[in-house]
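A.B. asks: Once you've had a glance at the structure underneath, I'll fire off some questions.
The values are calculated or read from the model by the stated rules, or taken from the named source; none is laboratory data. Here the structure is a predicted model, which means the values were calculated and not measured. Don't worry about glycine lacking a Cβ; one is built from the backbone with ideal geometry, like all the others, and counts go over all protein chains shown. Calculation scope for accessible area: heavy atoms of the full protein, side chains included, ligands and nucleic acids excluded. Shrake-Rupley method; radii C 1.70, N 1.55, O 1.52, S 1.80 Å.
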Amino acid sequence: MAGKGRGRGLGISALVVGLLGLALAIGAFGYGRGAYGVGTLPGRGMAPTYGPGERIVWERLDGSEVRRGDVVVFSAPDRYRSGGVVAQRVIGVGGDRVACCTLVGSEERVTVDGKPLKEPYVGGGDADGVHRPYDVTVPRGRLFLLGDDRADSMDSRFFAADHDGTVSVDAVRGRVLDGDRTGLVLLGSALLLGAVLVVVGIGLGIGALAVRRRKAPPVPPAPWSVQPAGG
C-alpha cells in the first residue's frame, strides 16, 4: 500500500507541475505574439542602422505613441507592393515643419521647426541624399518618415502627391526595439521556465507509474503457534 501511496502523490505532483508549466508556456507565447512582431528588412533603406536581410523585432503599439527619432514598422500597400516589412524613422509628427536642407558648417541638415537635426545614424553623414528639397508641415495624425540611407530609401520625399508624403499614424504597426529588450528577456525566461516545468512534470509522471507498477516485497508467512500438550 505504501508504494501505491507514493505513486499517487507523485502522480498528483506531476499533474500540478505539468499543467503549471503548460499554462506558463502557452500564456507567454500568446502574450509574445500579441505584444511583439518579427520581420526581415528587404532593402538597404535603413542602412547602416539595419542592413538588408536583417531581422528586426518591434513592439506593437498605437501610432499616436511614437516620437521623433523612433524607427517604426508600418503598412502602406498603396506605396509598397513588395509585401515585406517597411521600416523608416520618424522625423516629424503632427504640427512639425520639416524641411531640407540647411547648411551647418560644411554639413547639410534636415530641420524641424527651423532647428537643424543631429542625425548620427544617417548613412555616410549625408542627410539629403538625393538633392530633392522639401518643406512640409505635417498634418495632425500623420508622420513624416525617412530612411537612414537617404541616397537609397523610398520614403516620404517621394510621395509628395499623397498628403505631402506623410503617413497616417493608423498605418503604424509598432516601434523597432533597439537597446533595452528587458521585456523580450522576461518573455523568453517565462517560456523556458514553462518548458522546464512541463519536462519535470513528465518525469514525475513516469516516476509515479514506475512506483505503482513495482511489486511489493513478499511477506513471510506467520509461524504456527504451538500449544503445550495438556494445556
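A.B. asks: Determine whether Ala161 is over 16 Å from Met46 (Cβ atoms) and part of a loop (DSSP other than H, G, I, E, B).
C.D. replies: Yes.
A.B. asks: Also, I was wondering about something else. Quick one: Ala151 ticks every box in (1) over 23 Å from Gly51 (Cβ atoms); (2) open to solvent by 20 Å² or more (accessible area, probe 1.4 Å); (3) of a type in the set (Gly, Ala, Ser) bar one, so which box is it?
C.D. replies: So the condition that Ala151 fails would be (1).
A.B. asks: Next up: Within region 168-201, take every residue that is modelled with pLDDT under 85 and among the acidic types (Asp, Glu) and give me the one that is surrounded by the fewest Cβ atoms within 10 Å (Cβ to Cβ).
C.D. replies: In this case the residue turns out to be Asp180.
A.B. asks: Give me the strands (runs of 3 or more DSSP E) completely within region 55-148, filtered to those with at least 1 residues that are in contact (Cβ under 8 Å) with a residue 60 or more places away in the chain and crowded, with 16+ Cβ neighbours inside 10 Å, ordered by residue number.
C.D. replies: The strands (runs of 3 or more DSSP E) meeting that bar are 55-60, 71-74, 86-92, 142-146.
A.B. asks: Also, I was wondering about something else. Take the residues in region 25-45 that are out of contact with any helix residue (DSSP H, G or I) (no Cβ under 9 Å at 6 or more places or on another chain) and open to solvent by less than 70 Å² (accessible area, probe 1.4 Å); name whichever of them is modelled with the highest pLDDT.
C.D. replies: Per the criteria, the residue is Gly45.
A.B. asks: Could you run through region 16-65 and say how many residues are among the hydrophobic types (A, V, I, L, M, F, W, C) and under 18 Å from the mean Cα position of the chain (by Cα)?
C.D. replies: Selection size over region 16-65: 12.
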